[in-house]
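Peer 1: Okay, here's the structure, questions in a sec.
The values are calculated or read from the model by the stated rules, or taken from the named source; none is laboratory data. Not measured: the values here are computed from a predicted model. Backbone-built Cβ (ideal geometry, glycine too); neighbour counts: all protein chains shown.
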2 protein chains.
Amino acid sequence: MQRLLLFSLFIFGLFSFDLLAAQNNDPSASRPYLSIAKQIIETALSHGQAYEMLEELTLDIGPRLSGSPEAAAAVAWGRQTMLKLGFDNVHLQEVMVPHWVRGPVETARVINSSIVGTAELTVCALGGSVGTPELGIIGEVVEVQSLEEVQFLGKAIRGKIIFYNRPMNPGLVNTFAAYGGAVNQRSRGAIEAAKVGAVAVLVRSMTTRLDQVPHTGAMRYEENVTQIPAAAISTIDANFLSDLIKQEGKVEVNLRLSCRTLPDVPSANVVGEITGSEIPEEVIVLGGHLDSWDKGHGAHDDGAGCVQSIEALRLLKSLGLKPKRTLRAVLFMNEENGARGGKTYAEYVEKHGPKHIAAIESDRGGFTPGGFSVKADSGIVESFSDWEYLFQAMAADKIIPGFGGVDINPLAEKFGIPTIGLLVESHRYFDYHHSDHDTFDKVNERELELGAAAMAILAYVIAMEGVPD
Amino acid sequence: MQRLLLFSLFIFGLFSFDLLAAQNNDPSASRPYLSIAKQIIETALSHGQAYEMLEELTLDIGPRLSGSPEAAAAVAWGRQTMLKLGFDNVHLQEVMVPHWVRGPVETARVINSSIVGTAELTVCALGGSVGTPELGIIGEVVEVQSLEEVQFLGKAIRGKIIFYNRPMNPGLVNTFAAYGGAVNQRSRGAIEAAKVGAVAVLVRSMTTRLDQVPHTGAMRYEENVTQIPAAAISTIDANFLSDLIKQEGKVEVNLRLSCRTLPDVPSANVVGEITGSEIPEEVIVLGGHLDSWDKGHGAHDDGAGCVQSIEALRLLKSLGLKPKRTLRAVLFMNEENGARGGKTYAEYVEKHGPKHIAAIESDRGGFTPGGFSVKADSGIVESFSDWEYLFQAMAADKIIPGFGGVDINPLAEKFGIPTIGLLVESHRYFDYHHSDHDTFDKVNERELELGAAAMAILAYVIAMEGVPD
């Protein structure tokens, strides 16, 4: 067995030499931080812990709707995790959050059909919706493609159930653009329908996938407009209902929802840092949102962003890197139905400091990173893109102008600092988003860890060099 | 309801106008084919049929090991599918293939352990392996990290079972590079072990994932070297076995495999075309391999490549595009354990023509396309990369030198023509590859269809312009 040992040492020696070489052949004057970036990428892929953390957050705790016991457990988990990892200045920041509950009943049934008799439709209440009376609401279903069509139809649809059925455009490569093109039906559909006297709305689920799983998400009401119930319908049943209307002419549905909004409750953002070694008074935020909808596990949305934010700091610590400025991981509460965490955070910073210079958010799912979208003056975005070479090895080198993130946006608005969103491969996201499909098993370990590496590299370089101008 | 109809017509009018505009605002002199590329992408994402075809091939037929009844069914399916789609010159090309069968028994059991008593290890025979005697082989397990270590140890391991346990390097961003760095243990492990008198080999599964599913794959024997049985062991059990050896010193395993090789049987490549409108005598091949291992569904490897090759032609037909040169979809048989289909195809072309000018293969899984790797003179690769702008809209614009594909490689060797591999996002592939995890549900519809679009665009441009020089 001694020969084995000798051989093993020989092999280990070879590997060590390679590692050493990788560390020493850089930084060159022209491409600083390149060897550090490579080291962060390799370490994230070989020894990353984001996936393990996500397993805890999603399988041990589960979905984490604002105000729920699970959201409270997630806050405790976040704090304990940061303490265990030796982060500095770990603390909670109180946030009052809405407390909407789904309740046990959500059904929609076609009734009195001469073709199918009755038929159950797969639906779920949209977040924030009022419920129906216990025995439900009955109305004729009117299919529309847009808010404008509802305005156009006007009082003709008084007393009816409006069925918004404009699909996300599957022909767009970027699914977020497709989502953006359809989601106003969900967010404002009940308002426009109520204005013309409709009694409820059904909204085609926001996904390009054909399946039987409804996708929830936020909807809004407007002052002085009647609050009517709103539910998402699965894409398969949306097609079924549309076809039934075409063939039958008049289709009636009985909709029952037990959801309701309770008084606001206290919750919290979770904050932890690596305090800067030279300029600790300047902060770069890395964040995701800790709350999720009450469907699936909230794995991609946005357990991923939370564990990546923690992992980015852990990676830098584990490599012994000492950022000059302070890097702060923030797990924001209540992005999904109020964004109170992000607002509260920015308000606190406005009153009490410290000075923030940039913020990075991951909230597009834990998929293969592709780059960053930067909300800043175009000159600053240009300057950020000088760092693209750091992300070429992982093919995440698209640094482009764009939105930063919902939770960090108040920082952009209050202080004009650059806010930066992690861009990821988007094809799968809306298959899972806000639905029972958003579970831990849909997350690939390597993709998730690589996203954490991308955030760690960018945050570290900003911490060392400041925001480029 | 008439107002609804009017409104719908209004909306439809708007969309039609957009489509028309998209078609007319191009081609400009400087970026030819750009509007066609966009149309192909949009059509693939909105109305693609690759996913439906893959469902038939994987869920209706299943895994398709060369020589199996399922492989024969897949040949019939391929031919019928091409006929149904109206392809020209649909035909089968006979290929004699190896006929290896797994049989019902594959077990490995730790015996006589003072620590655990006995323990079942999750294993599966490597493809092409001989079986063991009915009651199995018993041997002490010697863990090694490489073929070189086996040579180094030499006769010290006579009579033992060699356990190759060098993992794929998880730190590499490109998992194919990690696979390339580990796979010689699987392909040549039994040869080197037998040369020094070992009685069997266990090989750590080729995946960076830790789980309980063994990954099969091809292994080889060499003339005049004893043929010893070879099995893959799951990564979790590889770690278990390694730890047990560390603690116990001497660990014995009883390995039982019922696999065996039967006489070669006839099978076939499936061929269908769009005959060129102006230069039909010049052919561009688009291909994948129709056979798979007998684990999972052979969905990513390589059901995906087959349906993408068919779909690429179908897309062009459905858009009324008339390629000047002939585009030929080829579903190659027997890539996994012999590559006979690719060899037979090239031999046939050598004898009977027609002239081939390029070949494109998809065999890296049905994931988000990233570009193409081109095996050709560097000048030609450069020229291909002038077309990168056609793939920017789908972020698949990396055209780089590299390997084309196993099935089309004989065309490169015989005729020196460019062979081109579809590059895809690689993080998930080896989680599934050659294992029970390679099932239809692991394929994302949009990613798959987009790969077909990428192949269609490149093939069409070559068909119109010829190979660039």
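Table: residues versus (1) out of contact with any Ser or Thr (no Cβ under 8 Å at 6 or more places or on another chain); (2) surrounded by fewer than 17 Cβ atoms within 10 Å (Cβ to Cβ); (3) among the small types (Gly, Ala, Ser); (4) under 30 Å from residue A:71 (Cβ atoms).
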| site | (1), (2), (3), (4) |
| --- | --- |
| A:245 | yes, no, no, no |
| A:267 | no, no, yes, yes |
| A:270 | yes, no, no, yes |
| A:278 | yes, yes, no, no |
| A:287 | no, no, yes, yes |
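Peer 1: Turning to a different aspect of this structure: Which residues, counting only those in the range A:83-124, are hydroxyl-bearing (Ser, Thr, Tyr) and touching a Leu at 6+ places or on another chain (Cβ under 8 Å)?
Peer 2: A:107, A:113
Peer 1: If I filter the range B:348-364 down to residues being assigned to a loop (DSSP other than H, G, I, E, B) and under 25 Å from the mean Cα position of the chain (by Cα), which single residue comes out as farthest from residue B:409 (Cα to Cα)? Step through it out loud before you land on a result.
Peer 2: First, the residues of the range B:348-364 that are assigned to a loop (DSSP other than H, G, I, E, B): B:353-354, B:362-364.
Keeping just the survivors that are under 25 Å from the mean Cα position of the chain (by Cα) gives B:362-364.
On the way: B:362: 13, B:363: 12, B:364: 15 Å.
That would be B:364.
Peer 1: Related question: From A:203, A:213, which residue is surrounded by 15 or more Cβ atoms within 10 Å (Cβ to Cβ), within 22 Å of the chain's Cα centre (by Cα) and part of a loop (DSSP other than H, G, I, E, B)? Please lay out each step first, then the result.
Peer 2: Working: A:203 fails: part of a loop (DSSP other than H, G, I, E, B).
Result: A:213 is the single residue among A:203, A:213 that is surrounded by 15 or more Cβ atoms within 10 Å (Cβ to Cβ), within 22 Å of the chain's Cα centre (by Cα) and part of a loop (DSSP other than H, G, I, E, B).
Peer 1: Looking only at residues that are within 10 Å of chain A (Cβ to nearest Cβ) and hydroxyl-bearing (Ser, Thr, Tyr) in the range B:125-177, which one is farthest from residue A:43 (Cα to Cα)?
Peer 2: This residue is B:146.
Peer 1: Additional query: Checking the structure you have, find out if any residue of the range A:126-148 is modelled with pLDDT of 95 or more, in a helix (DSSP H, G or I) and not assigned by TED's automatic domain parsing to the domain that holds residue A:331. Even if it seems obvious, please write down each step before you answer.
Peer 2: As a first pass, look at the range A:126-148 and keep what is modelled with pLDDT of 95 or more: A:126-148.
Filter once more, keeping what is in a helix (DSSP H, G or I): A:147-148.
Now narrow it down to the ones that are not assigned by TED's automatic domain parsing to the domain that holds residue A:331: A:147-148.
Yes, there is a match, as at least one residue in the range A:126-148 is modelled with pLDDT of 95 or more, in a helix (DSSP H, G or I) and not assigned by TED's automatic domain parsing to the domain that holds residue A:331.
Peer 1: I would also like to ask the following. Could you go through the range B:309-325 and let me know if any residue there is among the acidic types (Asp, Glu), buried (at least 24 other Cβ atoms within 10 Å of the Cβ), over 17 Å from residue B:406 (Cβ atoms) and in contact with a helix residue (DSSP H, G or I) (Cβ under 7 Å, 6 or more places away or on another chain). Steps first, please.
Peer 2: Here is the first cut: in the range B:309-325, the ones among the acidic types (Asp, Glu) are B:311.
Adding the requirement that they be buried (at least 24 other Cβ atoms within 10 Å of the Cβ) leaves B:311.
Next, from what is left, pick out any that are over 17 Å from residue B:406 (Cβ atoms): B:311.
If we keep only those that are in contact with a helix residue (DSSP H, G or I) (Cβ under 7 Å, 6 or more places away or on another chain) too, we end up with B:311.
For the range B:309-325, residues among the acidic types (Asp, Glu), buried (at least 24 other Cβ atoms within 10 Å of the Cβ), over 17 Å from residue B:406 (Cβ atoms) and in contact with a helix residue (DSSP H, G or I) (Cβ under 7 Å, 6 or more places away or on another chain): present.
Peer 1: Is it the case, given these coordinates, that residue A:345 is part of a helix (DSSP H, G or I), out of contact with any His (no Cβ under 9 Å at 6 or more places or on another chain), crowded, with 24+ Cβ neighbours inside 10 Å and away from every other protein chain (no Cβ under 14 Å)? Show your work before the answer.
Peer 2: Numbers: part of a helix (DSSP H, G or I): yes; out of contact with any His (no Cβ under 9 Å at 6 or more places or on another chain): yes; crowded, with 24+ Cβ neighbours inside 10 Å: yes; away from every other protein chain (no Cβ under 14 Å): yes.
Judged against the criteria, residue A:345 is a match.
Peer 1: Suppose we keep only residues that are of a type in the set (Gly, Ala, Ser) and buried (at least 22 other Cβ atoms within 10 Å of the Cβ) within the range B:117-138. Which one would you say is nearest to residue B:234 (Cα to Cα)? Lay out the reasoning, then the answer.
Peer 2: Step one: filter the range B:117-138 for residues of a type in the set (Gly, Ala, Ser), giving B:117, B:119, B:125, B:127-129, B:131, B:136.
From what's left, buried (at least 22 other Cβ atoms within 10 Å of the Cβ): B:125, B:127-129.
Numbers: B:125: 12, B:127: 15, B:128: 19, B:129: 17 Å.
Restricting to residues being of a type in the set (Gly, Ala, Ser) and buried (at least 22 other Cβ atoms within 10 Å of the Cβ), the top hit is B:125.
Peer 1: Continuing with the same structure: Of the conditions (1) away from every other protein chain (no Cβ under 14 Å); (2) among the small types (Gly, Ala, Ser); (3) over 16 Å from residue A:414 (Cβ atoms); (4) surrounded by fewer than 24 Cβ atoms within 10 Å (Cβ to Cβ), residue A:393 fails just one. Which one is it?
Peer 2: Checking residue A:393 against (1) away from every other protein chain (no Cβ under 14 Å); (2) among the small types (Gly, Ala, Ser); (3) over 16 Å from residue A:414 (Cβ atoms); (4) surrounded by fewer than 24 Cβ atoms within 10 Å (Cβ to Cβ), the one that fails is (1).
Peer 1: Of the numbered conditions (1) within 14 Å of chain A (Cβ to nearest Cβ); (2) in contact (Cβ under 8 Å) with a residue 40 or more places away in the chain; (3) farther than 29 Å from residue B:429 by Cβ, residue B:197 satisfies every one except a single condition; which is it?
Peer 2: Going through the list (1) within 14 Å of chain A (Cβ to nearest Cβ); (2) in contact (Cβ under 8 Å) with a residue 40 or more places away in the chain; (3) farther than 29 Å from residue B:429 by Cβ, residue B:197 breaks only (1).
Peer 1: Hey, another quick one. If I ask for residues that are in contact with a strand residue (DSSP E or B) (Cβ under 8 Å, 6 or more places away or on another chain) and in a helix (DSSP H, G or I), which ones from the range B:230-289 would you list? Step through it out loud before you land on a result.
Peer 2: Filtering the range B:230-289 down to residues in contact with a strand residue (DSSP E or B) (Cβ under 8 Å, 6 or more places away or on another chain) leaves B:230-235, B:237-238, B:240-242, B:244-245, B:248, B:250-276, B:278-289.
Correct list: B:235, B:237, B:238, B:240, B:241, B:242, B:244, B:245, B:248.
Peer 1: Filter the range B:178-194 down to the residues that are surrounded by fewer than 23 Cβ atoms within 10 Å (Cβ to Cβ) and assigned to a helix (DSSP H, G or I), then identify the one that is nearest to the other protein chains (Cβ to nearest Cβ).
Peer 2: B:178
Peer 1: Which ranges mark the helices (runs of 4 or more DSSP H) fully within the range A:31-115 that have 1 or more residues being within 14 Å of chain B (Cβ to nearest Cβ) and of a type outside the set (S, T, N, Q)? Let's see the steps before the verdict.
Peer 2: Values: elements: A:34-47, A:50-55, A:69-84.
Qualifying helices (runs of 4 or more DSSP H): A:34-47, A:50-55.
Peer 1: In addition: Taking the conditions exactly as written (in contact with a His (Cβ under 9 Å, 6 or more places away or on another chain) and outside any strand (DSSP E or B)), does residue A:305 satisfy them or not?
Peer 2: Details: in contact with a His (Cβ under 9 Å, 6 or more places away or on another chain): yes; outside any strand (DSSP E or B): yes.
Answer is yes for this residue.
Peer 1: Exactly one of (1) assigned to a strand (DSSP E or B); (2) farther than 25 Å from residue A:220 by Cα is unmet by residue A:317. Its number?
Peer 2: Looking at each condition in turn, residue A:317 falls short on (1).
Peer 1: Oh, and also: Could you list, in sequence order, all residues of the range B:239-280 that are in contact with a His (Cβ under 8 Å, 6 or more places away or on another chain) and under 30 Å from residue B:157 (Cβ atoms)?
Peer 2: Matches in the range B:239-280: B:261 only.
Peer 1: Of all residues in the range A:273-319, count the ones that are more than 21 Å from residue A:418 (Cα to Cα) and of a type in the set (Ser, Thr, Tyr).
Peer 2: Matching residues across the range A:273-319 total 3.
Peer 1: Looking only at the range A:200-210, which residues are out of contact with any His (no Cβ under 8 Å at 6 or more places or on another chain) and either under 16 Å from residue A:138 (Cα atoms) or within 13 Å of chain B (Cβ to nearest Cβ) (or both)?
Peer 2: Step one: of the range A:200-210, the residues out of contact with any His (no Cβ under 8 Å at 6 or more places or on another chain) are A:200-204, A:208-210.
Residues satisfying the conditions are A:200, A:201, A:202, A:208, A:209, A:210.
Peer 1: Specify which of the listed residues (B:366, B:379, B:370) is closer than 27 Å to residue B:32 by Cα and within 14 Å of chain A (Cβ to nearest Cβ).
Peer 2: Working: B:366 fails: closer than 27 Å to residue B:32 by Cα; B:379 fails: within 14 Å of chain A (Cβ to nearest Cβ).
Just a single option satisfies the conditions, and that option is B:370.
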